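The values are calculated or read from the model by the stated rules, or taken from the named source; none is laboratory data. Everything numeric here is computed off the predicted structure, so don't read it as measured data. Because the Cβ atoms are built from the backbone with ideal geometry, glycine has one as well, and the counts that use them run over all protein chains shown. Heavy atoms of the whole protein, side chains included, go into the accessibility calculation; ligands, DNA and RNA do not. Shrake-Rupley method; radii C 1.70, N 1.55, O 1.52, S 1.80 Å.
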Amino acid sequence: MNIQRRPSELARLEEVRRVGSERTAQVAAVLAEAFAEDPLQAWIMEGVAAAERPARRTDWWSFMIRNAPPGTEVHVAFDGSGAACWHPPGAGKPPAAVVEEFRRMVAELAGERAPAVLASLARIARRAPAEPHWHLAAVGVVPDRWGEGLGARLLAPMLARCDRLGLAAYLESSNARNLGFYRRLGFADCGEVRTVDERVTLTLMRRPPAPAR
């Protein structure tokens, strides 16, 4: 059945809003579904039984959202079909207790591969630019909403803020299929980094602030 929606209803469905910790479970579930085929996530969890991976991905993203740096911005689509997580400029190192909990989680997921996973993630983190920037830690849309422009709408508020503040935006992508999407939003390649076993390559991308008008 083809249901006609009023313009006001369509605008509401396209709305993007900032959310807090009360939406952690929802955001984690969205990102877990969106990253099901992500090369880096798949590499980290390749030793996890297939039936367990959806729950493990949800646990991963729940941890990442709960322990994000102070000042992190999490935006979601009104209907809950997409989410984006941005880390603020100058985000410091996490507390020792969080680092230890993260190491335990990686050990459970990767087993004897845990040292390689941790070394690879540290290598990726070291490549972040020294300049103040907003770091797009994750953006994801559930698969049945791909191709509708929702990803661009999710990122629009923070990209506009970067332009207003004169700050760069930065991300790492292990999925080559997403590079064209980021380039259309103004991101440009600024390097590559590989996991320590060289099985996964991430493209580093930076978006300069738009010139003031």
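Overview of results
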{"item": "Odd one out for residue 160, checked against (1) among the small types (Gly, Ala, Ser); (2) open to solvent by 50 Å² or more (accessible area, probe 1.4 Å); (3) farther than 21 Å from residue 28 by Cβ", "result": "(2)"}
{"item": "From the options 18, 113, 103, 23, residue that is touching an Asp or Glu at 6+ places or on another chain (Cβ under 7 Å) and either touching a residue at least 40 places away in the same chain (Cβ under 8 Å) or open to solvent by 50 Å² or more (accessible area, probe 1.4 Å) (or both)", "result": "18"}
{"item": "Selection within region 179-207 - closer than 21 Å to residue 159 by Cβ, open to solvent by 60 Å² or more (accessible area, probe 1.4 Å) and free of Cβ contacts under 8 Å to residues at least 60 places away in the same chain", "result": "183, 184, 189"}
{"item": "Odd one out for residue 46 among (1) outside any helix (DSSP H, G or I); (2) more than 26 Å from residue 176 (Cβ to Cβ); (3) not hydroxyl-bearing (Ser, Thr, Tyr)", "result": "(2)"}
{"item": "Boolean, residue 62 is open to solvent by less than 40 Å² (accessible area, probe 1.4 Å) and either over 24 Å from residue 177 (Cα atoms) or without any contact (Cβ under 8 Å) to a residue 12 or more places away in the chain (or both)", "result": "yes"}
{"item": "Region 31-42: number of residues that are part of a helix (DSSP H, G or I), crowded, with 19+ Cβ neighbours inside 10 Å and in contact with a Ser or Thr (Cβ under 7 Å, 6 or more places away or on another chain)", "result": "2"}
{"item": "Filtered residue count, region 20-67, keeping only those that are out of contact with any helix residue (DSSP H, G or I) (no Cβ under 7 Å at 6 or more places or on another chain) and β-branched (Val, Ile, Thr)", "result": "1"}
{"item": "Some residue of region 155-171 being closer than 16 Å to residue 34 by Cβ and outside any strand (DSSP E or B)", "result": "yes"}
{"item": "Test: residue in region 49-58 that is open to solvent by less than 40 Å² (accessible area, probe 1.4 Å), modelled with pLDDT under 95 and over 21 Å from residue 161 (Cα atoms)", "result": "no"}
{"item": "Selection within region 59-109 - at pLDDT 95 or above, of a type in the set (Asp, Glu) and under 25 Å from residue 142 (Cα atoms)", "result": "59, 73"}
{"item": "Hits in region 88-139 - residues which are of a type in the set (Gly, Ala, Ser) and under 21 Å from residue 44 (Cβ atoms)", "result": "107, 110, 111, 114, 116, 119, 120, 122, 125, 128, 137, 138"}
